[in-house]
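All remarks here apply to the structure that follows.
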Amino acid sequence: MSAAKTRILAFTAGLLLAAGQAGATGTAANTSINNTASVDYTVGGVNQPDVNSNTTTFVTDRRILVTVAEVGGGYTDVAPGQTGQVLTFTLTNNTNAVMDFRLDATQQATNAADPFGGTDDFDVTALQVFVDSNGNNTYDAGTDTAAFIDELAADGTVTVFVVANIPIGQANGNSAGVTLTAIAADSGGAGLGSDSTQTAGAESPNVVDTVFGDIAGDTDANRDGRHSDTDAYRIQTATLSVTKTSTVISDPFNNTTNPKRIPGAIVEYCVTVQNTGGAAATAVVVTDVLTGQPVTYQAGSLFTVDTGAVCTGGDAEDDDAAGGDETDPNGAAQAAGTVSATFATLPAAGGKSMRFRVQIN
Amino acid sequence: MTCFPNRYALVASAAACLLLTGARPALAADTLELRNAVFQEVDVKAADGTMHKDRVPAAKVVPGTEVIYVITYRNVGKQPASDVVITNPIPEELAYRPEQGPGPNAAPEVSVDSGKTWGALASLSVTGDDGKPRPAQGSDVTHVRWKLAKPVKAGEEGSVSYRAVLE
């Protein structure tokens, strides 16, 4: 409706506006459209009273149009074993009437194309759908509990969350797609109304008929009273590998010149950990048990390297003991023949190492 | 529907009664009779598989649907009616759809200011949301009227029509 027309009507018949307000979704269903024409004329040169026509009336019908849209335009990164992971969608009621919406979340079949260029690899568990109850667009467990949309006004938008658990044992980069479908349902009263149906057969000018006007979504057809869109979880986890190397430093006969691995020789071990995954690993504990091996740990030889999977430099362990007096950054220690270090964070594509020396018995 | 005076009668009913009373002998002074009807076009598939549009009474109308108002005039008097001007305020929820070329009986004029000024839609302007004038569009049209070029003779019948889209 034009601004100009609105203004004129506002002066003359403000009440009419409430009945026929047209938002983005258009004129509300069940609006009576009345129209009377008039004619002015003369007979024999004398102006005659205006004559009005009858008033034609029809009632606007309900055009059901719903739009589901994934929010974010990309994967939602998760780690194996996480619970309550959230995919976010919006649902917009483009119907020219208040509507309820039934919500259905369905997992994509394995190998189906996910919306972000990959293919579905696994299924999530404990799949649930919840409606944002407080409009903060954030899933609040225990607060957002409704599993359907009740009485959404024309032009109204609400956020819908798909919540699921991520099974353990999934490799980095694996994805799980979930399609959310909104099915238009008749409003009125508490609770979810029945799925809306198109008016079949002859229409009536004075009754609100229902017409499906929706477009096809990811898994639904044109004009079926529903709409769907797909979002996907993607595993972003750390993938760790550990490597141990040894270098002979000296022996009692050759000293440091071409030393050999003979009893009494000093050998440096280097244990490196590398993360080839897509997410940082935390609290990475590296342990090397020397007990039972014919070697003896050399006190004060323990270093940790934060700058990569390299076996030079690094930070010296202060006293070989664990405890609150630690000055090295990675809590390295040796106790009873077990050498260990704890790296607080091992970033994706990062590497760290610990190195120490032993004497061959 | 009865047309006895009824203080509970709705406005629409009262207007419809006007026509019926207008046809009564007691008020036969009216020379012209005016009827208004609203239609929509629906796609119909013929037996041979071809599609064509049928004009049916407007019933299944949702936002975006085009309706056609057909206003029929008839001279029920004994003398010709001259200077005939048929005026129709366009329902607020409808946007006037300009048609190519003049109508069958007379070129319509439109108004975007409730009938104060008239002209072809392309010649009219309204104040835009930004306060500046802009060319008028179909949704700005408040009234449409037809000035019949020739008098309507006794017994003669004709019609004018226009299309509008539910907003």
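Readers should treat all values here as calculations from the given coordinates under stated rules, not as data from a laboratory. All values derive from a computational prediction rather than experimental measurement. Virtual Cβ from ideal backbone geometry, glycine too; neighbours counted across all protein chains shown.
Observations on the model:
- Farthest towards the positive end of the charge dipole of the protein assembly as shown, among the residues A:Thr307, A:Gly142, A:Ala200, is the Cα of A:Ala200, using unit charges on the Cβ of Lys, Arg, Asp and Glu.
- For a label point 7 Å along the Cα-to-beta-carbon line of A:Glu326, residues of region A:262-295 with backbone N under 18 Å: A:271-273, A:281-289
- Alpha carbon centroid spacing (whole Å) that separates region A:310-361 from region A:82-122: 47
- Cross-link reach list, lysines versus B:Lys153, counting only Cα pairs under 25 Å and skipping chain neighbours closer than eight places: B:Lys78
- Sites A:Gln293 and A:Thr157, calculated FRET efficiency, Cβ-Cβ separation with R0 60 Å, nearest 0.05: 0.35
- Comparing A:Thr92, A:Thr237, A:Thr143 in a Gaussian network model of chain A, where Cα atoms under 10 Å apart are tied by springs, the biggest mean-square fluctuation is seen for A:Thr143.
- A simple charge model with +1 on the Cβ of Lys and Arg, -1 on the Cβ of Asp and Glu and nothing else charged puts the dipole of the protein assembly as shown at about 2200 debye relative to its Cα centre.
- Across A:Thr239, A:Thr76, A:Thr199, mean-square fluctuation computed from a Gaussian network of chain A (C-alpha pairs under 10 Å connected) peaks at A:Thr199.
- Pairwise FRET efficiency - A:Asn30 versus A:Asp104, Cβ, R0 = 25 Å, nearest 0.05: 0.35
- The protein assembly as shown: mean projected area of Cα convex hull, nm²: 41.6
- Within a Gaussian network of chain A (alpha carbon springs, distance under 10 Å), most fluctuating of A:Gly189, A:Gly217, A:Gly278: A:Gly189
- R0 of 45 Å, Cβ-Cβ distance A:Ala221-B:Asp129: FRET efficiency to nearest 0.05: 0.75
- Rounded to 10°, Cα long-axis angle of helix A:3-12 versus longest principal axis of chain A: 50
- Taking label points 7 Å from Cα along the Cα-to-Cβ direction, B:Ile68 and A:Thr282 give a separation of 7.1 nm.
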